[in-house]
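Q: Structure below; questions to follow.
Read-outs: derived from the displayed coordinates by stated rules, not from any lab. Owing to the predicted nature of the structure, the values given are computational and were not obtained by experimental measurement. No Cβ is skipped: glycine too gets one built from the backbone with ideal geometry, and neighbour counts run over all protein chains shown.
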Amino acid sequence: MTKKRTLIERLNQEGALCAEGFLFEMERRGYLASGEFVPEVALECPEALRNLHKDFQHAGSDIVEAFTYNGHREKMRVIGKEDLLEPLNRAALKIAKEVANDVPQGSEPNLMAGNISNTNIWNPQDPQSQKDVRSMFEEMVGWAVEEGADMLIGETFYFAEEAYCALEVMKKTGLPSVLTIAPMGENIMRDGITPLDTCLKLEQMGADVVGLNCFRGPETMLPYIKDIRSKVKCHVGALPIPYRTNSKQPTFFNLDDYSNCTCPAPHGRTFPTALDPLFTNRYEIRQFAQTCYDLDVKYLGVCCGANPMLIREVADVMGKNPPAMRFKENMSNHFMYGTNKRIPDHIKDYGDKA
């Protein structure tokens, strides 16, 4: 088996690709309830989770991120299943570790990443909430270390101070730490700190990668990535959602359906179950990834809404050659729009009328 490089070694070379977006993809596959978004699949249907990891790995992801997003103590209390907290976390970590090491003979093993995320209870005016959050981070990070994580990811923070707290806990382990934030529609962190200043502070605190993930599509994430890349010296991460956010609606939480929807969602908004018409195509994600990579942003991926096809596009931009590249589009052999000489002219000529 090829020697496994560290996260930093990969970032200093071709870069690292991390597939995220498990919440939406597992919901689409029928293993998770939208709205609740709790990763019980790790316990209830472990093979389904293993298959998703393998599909992302096949498409080019070289980081297998344990599906513990929202798997924290407070969320488990909300659904009345706090007793499943540690079993869920350990099961997700074990599955991720297994997949990370399950690569073809002669291939480099993937990195397994432990994961913590925003808790949705952080309150700048409530010290007790902050203590509770820190405790949740500490137990989840502790389990990740015990289960053999190669690196840690803290993501989707919209309070700067919560991100700082997460990084403090992560740094104590000595593992490489990725910290990505997610400013909401006001384009500032909820505690009034700019995204750039938040990332500058995270770099100062010792994060190996800083940047943005989730909430924003390519159009409304890219300006922040450019600004952050120009100001920080550490590696930068960019993991957008594959939806067409815009300057008036910079996140997917309040994104309008501008495609003449005749049957809107019963809860009155497109998020999270009626975003389908607003999905970016593969070329938009590829263009975003290429722009970032040209800026020397080398920690890339796709967040909520991701699928293996999109991950393959990012992998191709980064010069990787995953197995899924064998099935990259080949329109030359299409029955009507192809260029193959065996395609009859009377079929090709009908293409504009089809």
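Q: Of all residues being surrounded by 19 or more Cβ atoms within 10 Å (Cβ to Cβ) and among the aliphatic types (A, V, I, L, M) in region 291-304, which is farthest from Gly60 (Cα to Cα)? Just the residue, please.
A: My answer is Val297.
Q: Of the residues in region 305-354, how many are among the hydroxyl-bearing types (Ser, Thr, Tyr) and surrounded by 12 or more Cβ atoms within 10 Å (Cβ to Cβ)?
A: Adding up the residues that qualify gives 1.
Q: To continue, here is another question. Is one or more of the residues making up region 259-278 under 17 Å from the mean Cα position of the chain (by Cα), part of a helix (DSSP H, G or I), aliphatic (A, V, I, L, M) and surrounded by 14 or more Cβ atoms within 10 Å (Cβ to Cβ)?
A: The answer is no, given that none of the residues of region 259-278 is under 17 Å from the mean Cα position of the chain (by Cα), part of a helix (DSSP H, G or I), aliphatic (A, V, I, L, M) and surrounded by 14 or more Cβ atoms within 10 Å (Cβ to Cβ).
Q: Condition (residue is of a type in the set (A, V, I, L, M, F, W, C), within 30 Å of Asp227 (Cα to Cα) and part of a strand (DSSP E or B)) applied to region 119-136: is it met by at least one residue?
A: no
Q: Applying the selection to region 138-163, what residues are in contact with a strand residue (DSSP E or B) (Cβ under 9 Å, 6 or more places away or on another chain), surrounded by fewer than 24 Cβ atoms within 10 Å (Cβ to Cβ), touching a residue at least 40 places away in the same chain (Cβ under 8 Å) and assigned to a helix (DSSP H, G or I)?
A: Within region 138-163, just Trp143 meets the criteria.
Q: Restricting attention to helices (runs of 4 or more DSSP H) lying wholly within region 1-98, give those where 3 or more residues are in contact (Cβ under 8 Å) with a residue 24 or more places away in the chain, among the aliphatic types (A, V, I, L, M) and closer than 27 Å to Phe271 by Cα.
A: Fully inside region 1-98 and qualifying: 41-44, 46-59.
Q: Ok, one more. Of the residues Phe335, Phe288, Phe327, which single one is within 18 Å of the chain's Cα centre (by Cα) and over 17 Å from Ile63 (Cβ atoms)?
A: Step by step, each of Phe335, Phe288, Phe327 is checked, and only Phe288 is within 18 Å of the chain's Cα centre (by Cα) and over 17 Å from Ile63 (Cβ atoms).
Q: Could you please find all residues in region 212-236 being assigned to a helix (DSSP H, G or I) and not basic (Lys, Arg)?
A: Of everything in region 212-236, those that are assigned to a helix (DSSP H, G or I) and not basic (Lys, Arg) turn out to be Pro218, Glu219, Thr220, Met221, Leu222, Pro223, Tyr224, Ile225, Asp227, Ile228, Ser230.
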